[in-house]
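Working notes, beginning with the structure itself.
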Amino acid sequence: MTDNKAISRETLESMLKAINMGVLLVDHDCKVLFSNHFMSINSGRSAEELVGRTLFEVFPELPEVWTRQKINSVVTLQNFAFTSWQQRPHLFNFESTRPISGLVGHMYQNCTFFPVQDADGGSLGVGLAISDTTDTAARQLELTHLNELLEEEKSAQALLIARLEEAQAQLLQSEKMAAIGQLAAGVAHEINNPIGFVCSNVNSLRRYLVDLFALLDAYEQASDEKHAQAHPELAAMRDKADYDFMRQDIDELIVESVEGLDRVTRIVKDLREFSHVDSYEWQLADLHKGLDSTLNVIWNEIKFKAQVIKRYGDIEPIECMGSQINQVFLNLLINASHAVGVDGEIIINSGREDGGVFVEVVDNGHGIPLDIQNRIFEPFFTTKPVGMGSGLGLSLSYSIIVKHHGRLTVESEPGRGSCFRAWLPLRQPQVQAHATSAVEGC
Amino acid sequence: MNTTELSEKRYTVMLVDDEESILNSLRRLLRGKPYDLLLATSGAQALNLFELHPIDLIVCDARMPFMDGPTLLREVHKRDPHCMNILLTGYADMSMITQALSDGYIFRYISKPWKDEELQLTLDEALEMQCVLRERDNPKKLISE
């Protein structure tokens with residue numbers, strides 16, 4: 001091995017014996033030719049007990065087939081082979097004291113198999129160098145464990161963030177709704193005053209006109225031909241004013257104006273009922289009334305885009321928070337109107353099912369691509385251009401329906417349209433006691 | 001007192017609203033009725049008129065600056081419990097209305113925008129009720145008449 005005469009063969013041998021790692025030399029049949037102190041200390045057998053026996057006699061824990069293969073390949077190829085603690089943590093069944101925890105456990109080992117030649121350069125056998133990697137392994141395993149914990153924490157945080165996002169979305173929306181409600185209440189109050197006197201005045205005007213026309217009729221009847229000839233300017237005035245038409249048209253004019261005023265009145269009322277500033281309470285509500293008032297509120301947005309077909313079934317009032325359910329209807333209807341193109345059609349179905357009621361909003365719009373169908377209820381998920389949608393509508397609708405112990409589902413076929421379906425139970429399980437008997441529109 | 005006299009009986013009705021257009025439209029609506037109308041655009045003015053005239057019925061807006069409807073009607077009710085008070089509310093503030101109704105100082109409330117027939121009917125009912133109440137509380141006066 002070395003030409004340096006100063007280092008004797010004995011020195012080298014004692015060094016090999018004393019080194020703080022396991023050293024074995026085996027022949028082709030795996031018989032032990034040499035074993036050092038490390039092996040004796042850890043196996044509890046003296047070198048004399050080990051040498052001369054096969055590896056498998058003295059170390060029965062060694063997998064024989066695998067070990068023989070390893071040794072054969074090293075002999076054949078005259079090359080190194082290696083096994084690490086990750087592959088075979090405890091090749092030799094040695095104990096080890098953990099320096100940190102003091103716990104006694106199995107020793108983790110790396111093992112190198114290397115070819116050993118005799119003085120003539122022929123193959124003498126295979127050397128095994130076994131190193132104690134318990135510290136490294138312990139550290140590594142601890143790190144892995146910590147990583148796992150971190151991963152767990154991370155996913156818990158992700159869950160928490162998702163919940164926060166949902167809560168924030170809900171908060172945003174309910175703040176928005178509260179603001180709209182306040183605005184609606186203010187507007188309603190301000191508008192109701194002028195509507196009040198204008199309506200009343202139009203009615204008074206109608207009565208006045210009836211009296212006026214009666215008076216005119218009386219005058220007409222009283223005036224004879226002679227009188228008419230004496231005052232030709234009267235006939236001229238009558239023609240110029242198109243009196244006959246005017247008289248006929250005034251009725252229509254008044255009727256139309258009254259209708260218009262009724263509509264304004266209803267819109268203001270719907271706006272108030274829709275926003276429901278005063279009641280965030282569970283109550284029995286007629287979903288059809290809710291759908292109608294919601295439709296009135298967004299009629300402007302829908303009427304030019306789609307035809308709305310109501311196929312209301314026979315459903316009974318359900319226990320719900322009317323204003324919240326209206327928000328769901330609003331979101332579904334707005335989405336449907338955004339989805340449809342020319343010849344848009346939105347069908348609203350309702351009916352009983354499963355001891356509850358369902359409402360479906362079906363459109364013949366562009367549909368939802370398959371790959372995002374399961375994402376549409378996520379907060380902040382939107383396909384609309386910036387500024388068009390907050391990405392909150394459906395996620396909020398979903399959480400509202402879930403809060404009502406119901407289900408919100410979607411069926412959609414790209415190019416054919418979508419069907420959103422909300423199912424709600426008749427009564428809420430935990431608020432049964434608070435159910436009021438009053439039936440109100442939502 | 002015979003029926004002819006009864007039908008010719010005129011009532012004094014006071015209308016109170018800070019918005020004159022409302023007063024005018026109500027005045028037009030009630031023009032054909034056997035009412036002597038008094039108009040006031042504030043609570044203070046209404047109380048002044050109340051001191052000067054015997055008033056049968058008051059229709060009063062709920063929301064007015066300085067003195068609101070409920071405050072005015074509560075005061076009126078204290079001075080003359082026979083005066084029929086009707087509150088006109090621009091928005092249905094249910095808690096205020098329920099309070100007013102249960103305290104007994106208003107007879108009815110009407111929400112704006114009102115329906116003309118409903119308002120007239122309410123006034124008729126109120127005045128009818130007043131007759132009954134006055135007869136019950138002061139039967140001698142009737143006999144002496």
* Structure fact -> Output for Cβ contacts, cut-off 8 Å, separation at least six or different chains, first residue aromatic (F, W, Y) in segment A:84-99, second modelled with pLDDT of 90 or more and surrounded by fewer than 16 Cβ atoms within 10 Å (Cβ to Cβ), reads A:F92/A:E61
* Structure fact -> Of those in segment B:4-50 that are farther than 25 Å from B:F66 by Cα, within 14 Å of chain A (Cβ to nearest Cβ) and surrounded by fewer than 16 Cβ atoms within 10 Å (Cβ to Cβ), the residue modelled with the lowest pLDDT is B:G32
* Is it fair to say A:E49 is assigned to a loop (DSSP other than H, G, I, E, B) and either more than 28 Å from A:T144 (Cα to Cα) or touching a Phe, Trp or Tyr at 6+ places or on another chain (Cβ under 8 Å) (or both)? -> no
* Asked: Do we have A:L253 as in a helix (DSSP H, G or I) and away from chain B (no Cβ under 14 Å) here?
  -> yes
* To do: Mind listing just one residue for me: the one in segment B:106-125 that is within 14 Å of chain A (Cβ to nearest Cβ) and of a type in the set (F, W, Y) and, of those, surrounded by the fewest Cβ atoms within 10 Å (Cβ to Cβ)?
  => B:Y109
* To do: Could you tell me whether any residue of segment A:162-184 is within 12 Å of another protein chain (Cβ to nearest Cβ), without any contact (Cβ under 8 Å) to a residue 12 or more places away in the chain and not aromatic (F, W, Y)?
  => no
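The values are calculated or read from the model by the stated rules, or taken from the named source; none is laboratory data. Since this is a predicted model, take the numbers as computed values, not measurements. For neighbour counting, all protein chains shown are included, and Cβ atoms are generated from backbone atoms with ideal geometry for every residue, glycine included.
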